[in-house]
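Heads up: the structure comes next, in C-alpha cells.
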C-alpha cells in the first residue's frame, strides 16, 4: 500500500469482528513499528499483547472503572495491546544521563511513543487490521494487574482486530488552514 493512501485511509476502529489476531501477524506489525524514529535511536517503546483471557478481563475491568465508554468499546476488541515506554532514556544526554533541557525527558518520551503508535496503527492497517488508540485508563490500576517494572510507563492502549465497521473520514482542515508561512 502506498504511504499517502495508507495515511488517508486508516481510521480509528471501534467495532470489530470476533476473529482472533494471530500472534505472527502482530509480530509483523511490531516489526514495522520498530522503524519509527526515536530520540538518539533510544528505541524505548515496546508492546505488551494481552492474549491471556483472565488478564485481559482484569485489565478491561480497570479501564471500564475509569472510562465506561472505553470499557464498552473493549467488549468487542479481539486484542488489547499496551504500548510501553522505558523511562529515563528519551530526551536524555547519553554522556551525562541528564535531560538536554528541563522537561525534555518527559516531552520526548511521549513524542517517541506517539511516533511509534502511529507507525503501529499504519502497519496494522496495511496488514488489514483496525486499531484504536485509547487514552482513558488509570495507569496505576493496570500496573497493579500486570506487575509492570517501575521503569516502564504505559503510553497508550491499542485496540487491535479485524474491522467490522470502517467509518468515513471526518472532515479535515485544509492545508490553507493548517499551514502558515512567513
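The values are calculated or read from the model by the stated rules, or taken from the named source; none is laboratory data. Please read all numbers here as calculations on a predicted model, not as lab measurements. All Cβ positions, glycine included, derive from the backbone under ideal geometry; neighbour counts span all protein chains shown.
Tabulated data
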| quantity | calculated |
| --- | --- |
| Output for region 111-151, where each listed residue is in contact with a helix residue (DSSP H, G or I) (Cβ under 9 Å, 6 or more places away or on another chain), modelled with pLDDT under 95, buried (at least 20 other Cβ atoms within 10 Å of the Cβ) and assigned to a helix (DSSP H, G or I) | 112 |
| Odd one out for residue 168 among (1) over 12 Å from the mean Cα position of the chain (by Cα); (2) surrounded by 14 or more Cβ atoms within 10 Å (Cβ to Cβ); (3) at pLDDT 90 or above | (2) |
| Candidate set from region 4-30 (those that are within 20 Å of residue 115 (Cα to Cα) and free of Cβ contacts under 8 Å to residues at least 40 places away in the same chain); member that is surrounded by the most Cβ atoms within 10 Å (Cβ to Cβ) | 27 |
| Residue 102 vs. criteria free of Cβ contacts under 8 Å to residues at least 12 places away in the same chain, farther than 30 Å from residue 2 by Cα and not in a helix (DSSP H, G or I) | yes |
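To keep it simple, each residue is scored yes or no on (1) surrounded by 14 or more Cβ atoms within 10 Å (Cβ to Cβ); (2) under 21 Å from residue 13 (Cα atoms); (3) without any contact (Cβ under 8 Å) to a residue 60 or more places away in the chain.
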position: 52; (1), (2), (3): no, no, yes
position: 57; (1), (2), (3): no, yes, yes
position: 60; (1), (2), (3): yes, yes, yes
position: 64; (1), (2), (3): yes, yes, yes
position: 67; (1), (2), (3): yes, yes, no
position: 70; (1), (2), (3): yes, yes, no
position: 74; (1), (2), (3): yes, yes, no
position: 77; (1), (2), (3): yes, yes, no
position: 83; (1), (2), (3): yes, yes, no
